[in-house]
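Trainee: Quick one: structure below, then a few questions.
The values are calculated or read from the model by the stated rules, or taken from the named source; none is laboratory data. Only a predicted model underlies this, so the values are computations on that prediction, with no experimental measurement involved. Cβ atoms come from the backbone with ideal geometry, glycine included; neighbour counts cover every protein chain shown. Surface accessibility is based on the protein's heavy atoms, side chains included, excluding ligands, DNA and RNA. Shrake-Rupley method; radii C 1.70, N 1.55, O 1.52, S 1.80 Å.
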Amino acid sequence: MLTVYNTMTRKKEEFHPLREGEVSIYCCGVTPYNDPHIGNARPFVTWDVIRRYLARKGYKVRYIQNFTDVDDKIINAANREGVTWKEISDRYIAAYFKAMDALNVRRADVFPRVSETMADIQRMIETLIARGYAYVTEAGDVYYRVEAFDHYGCLSGRSLDDMEAGARVEVNAAKEHPMDFALWKAAKPGEPSWESPWGKGRPGWHIECSAMSVKYLGDVFDFHGGGNDLIFPHHENEIAQAEPCIDGDEKFARYWLHNGFITIDNEKMSKSKNNFFTVKDILKEFPGEVIRFFILQTHYRSPLDFSDERLHEAQTALDRLRNANAVIAELSERAGTADTAAGLAAQAETFLHDFDAAMDDDFNTALAISQMFGLAKEINRYHQEIERGAAFDAANFGRAADAYHAMAVIIGIFEQEEATADDGLTDALMELIIGIRQEARAAKNWAVADKIRDGLKEAGVVLEDTPTGVRWKRA
């Protein structure tokens, strides 16, 4: 049984989908005014794994992730560069896709943009006004009336009085209550604007996600997610906006999942603090799968401290798993009808069962990955037995390989080797180099043989002399 930690109830709950066999997910996307940083990437890597695992469990998953392409930060960036807001948003949406592709993050079913959802946003605002949850000012702004929603604060666990006391609220005589927030902002010079029943303007931040999630998933859906920083005010306000527009007992998102921050020296990474590292820059030093693996080695709700040292550790750990995958590739080319891998197949089944159990426990990727390491060790051990002359068991080894690959698909690794295949050129070159070294050894030219071995080691390639020949692997 799958259990998830629901921010709304502050406890783990059994997951029961709204519709049998289907799962609906909305994850808040980026505001595209800059290249995405590693902190931005964490929720999307997290939800990518969740989607993969839900599909493994047999669910049909519908996943929506928006782009907030109309925002103060985008407008400011456009004004600085002397270009349009759309040029800025299009540029950094493209940058987002490039970065996420490098991290093996699969595309959402729909990527709605605020600029393309204006009619839906305005309809929701009109409903809120009609039902007494919003009001229009003389200036043409529309504000949400927080005192009208009895459950305001239900997600964050704060009372309205506590929010007001702890907030830096700009004095605005047009507001009925200091915590009222904008649903529609009247047009200002130099800003993009759209026609509306209240005059030209643009939407507030929070109403956008309420409208887009309902448009593509319906009034009620299964999961809503994002970073911890979105719990208040963004997700709190989404609930306050959406629920008054819904008829019936079920209310908006049923399970709220929030990932922890990525930190630098235990301080939250953010663009406002200028202590962030973009995915694009990190990719200059580390492969995308290493970055992905670094993120998934820690449970999604826990904080994750970023450093080059941690990335190097993730790279070393991932290489161990990749080496086992190379062993699988090598042995899978062989035939054999012995019964030497029956024990390995049984172990693989146990490791996969425990992998699923870890994922069923609030998507615990850290514990799930440990099962991969356990199976990798047993695969390497069996390979050593074969190298020492044991007969090969293709059928049972295939079962173990299938289990290993099933785990890898969920974690999202071993995918880029296929994407960057070199049509066998690397293997052909290594076969040539190994052949030259073997000729040198046969001629007792140890100096040349050692020079080849040592040179390859410096280049990151290790040669292994085995009873059945020379093998190579990346260090």
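Trainee: Filter segment 136-167 for residues that are hydroxyl-bearing (Ser, Thr, Tyr) and out of contact with any helix residue (DSSP H, G or I) (no Cβ under 7 Å at 6 or more places or on another chain) and give the result. Walk me through it before giving the result.
Mentor: Going through segment 136-167, the residues hydroxyl-bearing (Ser, Thr, Tyr) turn out to be 137, 143-144, 152, 156, 159.
Thr137, Tyr143, Ser159, listed by residue number.
Trainee: With (1) in contact with a strand residue (DSSP E or B) (Cβ under 9 Å, 6 or more places away or on another chain); (2) in contact (Cβ under 8 Å) with a residue 24 or more places away in the chain; (3) assigned to a loop (DSSP other than H, G, I, E, B) as the list, and His16 as the residue in question, which single condition is left unmet?
Mentor: Result: His16 fails condition (2) only.
Trainee: With the structure loaded, tell me whether Ile295 is surrounded by 15 or more Cβ atoms within 10 Å (Cβ to Cβ), within 18 Å of Ile411 (Cβ to Cβ) and not assigned by the TED database to the domain that holds Tyr404 or whether it fails that test. Write out each step before concluding.
Mentor: On the way: surrounded by 15 or more Cβ atoms within 10 Å (Cβ to Cβ): yes; within 18 Å of Ile411 (Cβ to Cβ): yes; not assigned by the TED database to the domain that holds Tyr404: yes.
Spelling it out, Ile295 is indeed surrounded by 15 or more Cβ atoms within 10 Å (Cβ to Cβ), within 18 Å of Ile411 (Cβ to Cβ) and not assigned by the TED database to the domain that holds Tyr404.
Trainee: Quick check on this structure: which one of Asp229, Asp249 is surrounded by fewer than 17 Cβ atoms within 10 Å (Cβ to Cβ) and outside any helix (DSSP H, G or I)?
Mentor: On inspection, the qualifying residue turns out to be Asp249.
A quick yes/no check of all residues on (1) of a type in the set (Phe, Trp, Tyr); (2) touching a strand residue (DSSP E or B) at 6+ places or on another chain (Cβ under 6 Å); (3) closer than 26 Å to Thr278 by Cβ; (4) part of a helix (DSSP H, G or I):
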| position | (1), (2), (3), (4) |
| --- | --- |
| Arg301 | no, no, yes, no |
| Arg310 | no, no, yes, yes |
| Leu318 | no, no, yes, yes |
| Leu344 | no, no, no, yes |
| Phe351 | yes, no, no, yes |
| Phe355 | yes, no, no, yes |
| Met359 | no, no, no, yes |
| Ala366 | no, no, yes, yes |
| Phe373 | yes, no, no, yes |
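Trainee: Would you please name the residue that is farthest from Leu103 (Cα to Cα), looking only at residues in segment 302-349 that are surrounded by 14 or more Cβ atoms within 10 Å (Cβ to Cβ) and of a type in the set (S, T, N, Q)?
Mentor: This residue is Thr340.
Trainee: A further question on this structure: State whether the residues of segment 89-96 include one that is open to solvent by less than 10 Å² (accessible area, probe 1.4 Å) and farther than 25 Å from Ile411 by Cα.
Mentor: Within segment 89-96 (the criterion being open to solvent by less than 10 Å² (accessible area, probe 1.4 Å) and farther than 25 Å from Ile411 by Cα), the answer is yes, since at least one residue qualifies.
Trainee: Only one of (1) of a type in the set (Gly, Ala, Ser); (2) surrounded by fewer than 21 Cβ atoms within 10 Å (Cβ to Cβ); (3) in a loop (DSSP other than H, G, I, E, B) is not met by Ala77, so which one is it?
Mentor: Only one criterion is unmet by Ala77, namely (3).
Trainee: While we're on this one: Counting only residues that are crowded, with 21+ Cβ neighbours inside 10 Å and in a helix (DSSP H, G or I), how many does segment 103-121 have?
Mentor: Counting residues in segment 103-121 that are crowded, with 21+ Cβ neighbours inside 10 Å and in a helix (DSSP H, G or I) gives 2.
Trainee: Anything in segment 422-451 that is open to solvent by 80 Å² or more (accessible area, probe 1.4 Å), farther than 19 Å from Val462 by Cβ and within 40 Å of the chain's Cα centre (by Cα)? List them, or say none.
Mentor: Result: Asp423, Leu425.
Trainee: Determine whether Glu415 is surrounded by fewer than 18 Cβ atoms within 10 Å (Cβ to Cβ) and in contact (Cβ under 8 Å) with a residue 40 or more places away in the chain.
Mentor: Details: surrounded by fewer than 18 Cβ atoms within 10 Å (Cβ to Cβ): yes; in contact (Cβ under 8 Å) with a residue 40 or more places away in the chain: yes.
Spelling it out, Glu415 is indeed surrounded by fewer than 18 Cβ atoms within 10 Å (Cβ to Cβ) and in contact (Cβ under 8 Å) with a residue 40 or more places away in the chain.
Trainee: Right, here's the next one. Does Ala99 satisfy the condition of being small (Gly, Ala, Ser) and open to solvent by less than 30 Å² (accessible area, probe 1.4 Å)?
Mentor: Spelling it out, Ala99 is indeed small (Gly, Ala, Ser) and open to solvent by less than 30 Å² (accessible area, probe 1.4 Å).
Trainee: Could you count how many residues in segment 6-43 are among the hydroxyl-bearing types (Ser, Thr, Tyr), more than 17 Å from the chain's Cα centre (by Cα) and open to solvent by 30 Å² or more (accessible area, probe 1.4 Å)? Steps first, please.
Mentor: Looking only at segment 6-43, we keep the residues that are among the hydroxyl-bearing types (Ser, Thr, Tyr), and these are 7, 9, 24, 26, 31, 33.
Remaining after also requiring more than 17 Å from the chain's Cα centre (by Cα): 7, 9, 33.
Narrowing the set further to residues that are open to solvent by 30 Å² or more (accessible area, probe 1.4 Å) leaves 9, 33.
Counting residues in segment 6-43 that are among the hydroxyl-bearing types (Ser, Thr, Tyr), more than 17 Å from the chain's Cα centre (by Cα) and open to solvent by 30 Å² or more (accessible area, probe 1.4 Å) gives 2.
Trainee: What about Thr46, is it open to solvent by 10 Å² or more (accessible area, probe 1.4 Å) and part of a helix (DSSP H, G or I)?
Mentor: On the way: open to solvent by 10 Å² or more (accessible area, probe 1.4 Å): yes; part of a helix (DSSP H, G or I): yes.
When the stated conditions are applied, Thr46 passes them.
Trainee: Whether any residue in segment 277-291 is open to solvent by 60 Å² or more (accessible area, probe 1.4 Å), among the aromatic types (Phe, Trp, Tyr) and under 21 Å from Gly412 (Cβ atoms) is what I want to check.
Mentor: Looking for residues that are open to solvent by 60 Å² or more (accessible area, probe 1.4 Å), among the aromatic types (Phe, Trp, Tyr) and under 21 Å from Gly412 (Cβ atoms), one finds at least one in segment 277-291, hence yes.
Trainee: Quick one: how many residues across segment 52-73 are surrounded by fewer than 23 Cβ atoms within 10 Å (Cβ to Cβ) and in a helix (DSSP H, G or I)?
Mentor: Of the residues in segment 52-73, 6 are surrounded by fewer than 23 Cβ atoms within 10 Å (Cβ to Cβ) and in a helix (DSSP H, G or I).
Trainee: Turning to a different aspect of this structure: Can you name the condition, by its number, that Thr31 falls short on among (1) more than 23 Å from Ile239 (Cα to Cα); (2) part of a loop (DSSP other than H, G, I, E, B)?
Mentor: (1)
Trainee: Can you tell which of Thr9, Thr3 is in contact (Cβ under 8 Å) with a residue 60 or more places away in the chain, under 25 Å from Ile231 (Cβ atoms) and out of contact with any His (no Cβ under 9 Å at 6 or more places or on another chain)?
Mentor: Values: Thr9 fails: in contact (Cβ under 8 Å) with a residue 60 or more places away in the chain.
Selected residue: Thr3, the only one of Thr9, Thr3 that is in contact (Cβ under 8 Å) with a residue 60 or more places away in the chain, under 25 Å from Ile231 (Cβ atoms) and out of contact with any His (no Cβ under 9 Å at 6 or more places or on another chain).
Trainee: On to the next question. Which numbered condition trips up Glu236, out of (1) within 30 Å of Phe181 (Cα to Cα); (2) among the acidic types (Asp, Glu); (3) open to solvent by 30 Å² or more (accessible area, probe 1.4 Å)?
Mentor: Unmet for Glu236, out of (1) within 30 Å of Phe181 (Cα to Cα); (2) among the acidic types (Asp, Glu); (3) open to solvent by 30 Å² or more (accessible area, probe 1.4 Å): (3).
Trainee: Identify all residues within segment 252-269 that are farther than 19 Å from Asn6 by Cβ and surrounded by 16 or more Cβ atoms within 10 Å (Cβ to Cβ); write none if there are none.
Mentor: Initially, segment 252-269 is screened for residues farther than 19 Å from Asn6 by Cβ, giving 261-269.
Correct list: Phe261, Ile262, Thr263, Ile264, Lys268, Met269.
Trainee: Of all residues in segment 350-362, which are aliphatic (A, V, I, L, M) and open to solvent by 30 Å² or more (accessible area, probe 1.4 Å)? Steps first, answer last, please.
Mentor: Taking segment 350-362 as the starting set, the residues that turn out to be aliphatic (A, V, I, L, M) are 352, 357-359.
If the condition is that a residue be aliphatic (A, V, I, L, M) and open to solvent by 30 Å² or more (accessible area, probe 1.4 Å), then Leu352, Ala357 are the ones that fit.
Results for (1) more than 22 Å from Thr3 (Cα to Cα); (2) assigned to a helix (DSSP H, G or I); (3) open to solvent by less than 60 Å² (accessible area, probe 1.4 Å); (4) modelled with pLDDT under 95, shown as yes or no for each residue.
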position	(1), (2), (3), (4)
Gln384	yes, yes, no, no
Ala391	yes, no, yes, no
Asn396	yes, yes, yes, no
His405	yes, yes, no, no
Val409	no, yes, no, no
